[in-house]
Amino acid sequence: MTASIGRRSGLLYFVLAVQALVNAASFISIPLLALYLLKDLGYSAYVMGAVLTTLLVFTRLSPLFTGALADRWGYKRFVLAGLCVRFIGFALVGVQSEAVIFVGVALIGLGGSLYESGTYGYLAHVNKFRSNVFYLNNQALNLGVIAGPILAFFVPHDGYGMFFIASAFAFLGLAIVSIFVFPNDDQVGRSNLRPSFKDLATDFYKDKIFLLFNIISIPWWFLFSQLYVLLPLAFSKKITSGGNELIIYVINGVVGISLTLLLLRRMSFASPLKLMIVGHSILACAYLIPLINNSASIFLLMVVVFSIGETLIMPAMDSFVAKIAPVGREANYFGIANIPWIVGASAGNMIGGKLFEVVDGMIPWIFMSALAVSGALMSLFFLAWLKTNQAIDVAGRRLA
């Protein structure tokens with residue numbers, strides 16, 4: 001039994017290492033996509049929003065299908081396919097051709113959904129044995145957030161396109177490494193239950209807890225999308241050198257890792273919904289900080305506080321989904337959980353680009369703060385509803 005647990009832990013850390021490297025490969029270029037579209041390709045704010053929404057839809061809509069398929073066909077093959085598709089997508093975006101930009105971002109999104117369906121299906125399964133899996137996963141992702149922008153500073157470039165070429169080759173290397181690193185399906189210990197694709201695609205409609213959780217998640221994904229739209233665009237007005245916008249993501253990653261190291265044990269055993277309430281409240285305060293003055297230092301202070309709220313919310317949401325996902329349907333539930341991401345972030349991409357035009361005013365920040373307050377209130381009401389109905393997770397434990 002001890003050997004089995006040790007083996008499972010070893011496999012988990014291999015997967016988390018790949019998670020960190022995948023996020024690093026993405027953060028070499030993805031945070032610069034909005035700037036690339038506006039400055040290098042000369043797109044309007046609306047076209048930029050359409051490209052970002054295409055990326056979002058393919059990343060977050062396709063898991064509605066890939067999640068269910070990964071539960072049936074195995075996690076590793078989806079991970080490998082996703083990394084290869086992302087290699088092609090990033091390469092197409094990097095050639096700086098308007099004709100293929102939409103195809104490129106669509107492939108980046110599809111590759112991401114294939115990869116995440118396999119990875120999060122595996123992590124959700126392991127979470128049933130270790131309560132801190134998604135907090136460790138958040139650490140791995142934050143390591144990637146830090147490493148990616150740092151690596152980007154060493155990419156020779158004349159414009160933003162070369163950052164995407166660098167990401168492409170990073171994903172190709174990761175695909176090769178994952179052939180040997182990612183656990184085979186017989187090592188994952190997945191359930192032998194294999195629901196039909198029809199059941200996987202429709203049964204979640206009967207899960208009222210899951211449906212309500214998806215609804216209260218929408219404000220967060222709108223706010224989160226601004227990390228790639230409003231924040232880098234606003235910060236670009238305060239600096240003179242292109243590419244230095246990546247400091248936002250270095251700060252974001254450092255804060256995430258530091259906070260998780262300090263509070264990992266407490267966060268692992270805390271109520272996910274209570275963490276979401278606190279996180280949204282912190283975000284509401286963060287978005288008011290730029291109202292103090294228009295300096296770059298004050299703006300980066302806002303990024304620090306934003307990152308604290310994000311660090312509380314993101315792993316808490318993953319942990320909650322893992323708690324309520326039925327055995328054998330873990331990847332499917334994580335796939336369905338992308339619906340609020342699509343709704344919230346699609347609106348965020350379009351509105352964030354428009355708000356950029358008035359970013360020096362008070363309206364964008366007051367709007368974002370008010371939305372964060374609404375997210376906190378929705379989470380609070382949902383927690384009260386769970387207590388009233390004495391809701392339990394798949395292991396029979398109280399959810400509130």
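The values are calculated or read from the model by the stated rules, or taken from the named source; none is laboratory data. On a predicted model such as this, the values are computed, not experimentally measured, just so you know. Glycine gets a Cβ as well: all are built from the backbone with ideal geometry, and neighbour counts include every protein chain shown.
For I176, indicate whether it is part of a helix (DSSP H, G or I), out of contact with any helix residue (DSSP H, G or I) (no Cβ under 8 Å at 6 or more places or on another chain), at pLDDT 85 or above and among the β-branched types (V, I, T). Spelling it out, I176 is indeed part of a helix (DSSP H, G or I), out of contact with any helix residue (DSSP H, G or I) (no Cβ under 8 Å at 6 or more places or on another chain), at pLDDT 85 or above and among the β-branched types (V, I, T). Looking across the range 237-254, the residues that are surrounded by fewer than 21 Cβ atoms within 10 Å (Cβ to Cβ) and either among the basic types (K, R) or assigned to a helix (DSSP H, G or I) (or both) come down to K237, K238, N244, I247, V250, I251, V254. Have a look at W341, W365, W385 and point out the one that is of a type in the set (F, W, Y), in a helix (DSSP H, G or I) and surrounded by fewer than 20 Cβ atoms within 10 Å (Cβ to Cβ). When all the criteria are applied, what remains is W385. Of the listed requirements (1) more than 28 Å from V181 (Cα to Cα); (2) free of Cβ contacts under 8 Å to residues at least 24 places away in the same chain; (3) not small (G, A, S), M48 misses just one: (2). For the range 293-330, a tally of residues being of a type in the set (G, A, S), out of contact with any Phe, Trp or Tyr (no Cβ under 6 Å at 6 or more places or on another chain), under 29 Å from L114 (Cβ atoms) and assigned to a helix (DSSP H, G or I) returns 3. Pairs linking a residue in the range 212-230 that is under 19 Å from F382 (Cα atoms) to a residue that is part of a loop (DSSP other than H, G, I, E, B) and small (G, A, S), with Cβ atoms under 7 Å and 6 or more positions apart or on different chains, are N214/A337. Considering only residues in the range 255-302 that are of a type in the set (S, T, N, Q), over 19 Å from the mean Cα position of the chain (by Cα) and closer than 22 Å to F235 by Cβ, the one that is surrounded by the most Cβ atoms within 10 Å (Cβ to Cβ) turns out to be N294. A single member of I165, I146 is touching a Phe, Trp or Tyr at 6+ places or on another chain (Cβ under 9 Å), surrounded by 18 or more Cβ atoms within 10 Å (Cβ to Cβ) and modelled with pLDDT under 90, and it is I146. Only one entry in V103, V79 is β-branched (V, I, T) and within 19 Å of the chain's Cα centre (by Cα), namely V79. From the list A81, A25, A34, A68, the one residue that fits, being in a helix (DSSP H, G or I) and closer than 19 Å to L230 by Cβ, is A34.
Each row is one residue, and each column tells you yes or no for (1) among the β-branched types (V, I, T); (2) under 19 Å from the mean Cα position of the chain (by Cα); (3) crowded, with 20+ Cβ neighbours inside 10 Å; (4) within 24 Å of G67 (Cβ to Cβ).
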site	(1), (2), (3), (4)
R329	no, no, yes, yes
N332	no, yes, yes, yes
G335	no, yes, yes, yes
A372	no, yes, yes, no
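Counting just the residues of the range 227-254 that are among the hydroxyl-bearing types (S, T, Y) and under 21 Å from the mean Cα position of the chain (by Cα), which one comes out modelled with the lowest pLDDT? The qualifying residue modelled with the lowest pLDDT is Y228. Regarding the range 91-113, can at least one residue be identified that is crowded, with 22+ Cβ neighbours inside 10 Å, part of a helix (DSSP H, G or I) and among the aromatic types (F, W, Y)? Scanning the range 91-113, I find no residue that is crowded, with 22+ Cβ neighbours inside 10 Å, part of a helix (DSSP H, G or I) and among the aromatic types (F, W, Y), so the answer is no.
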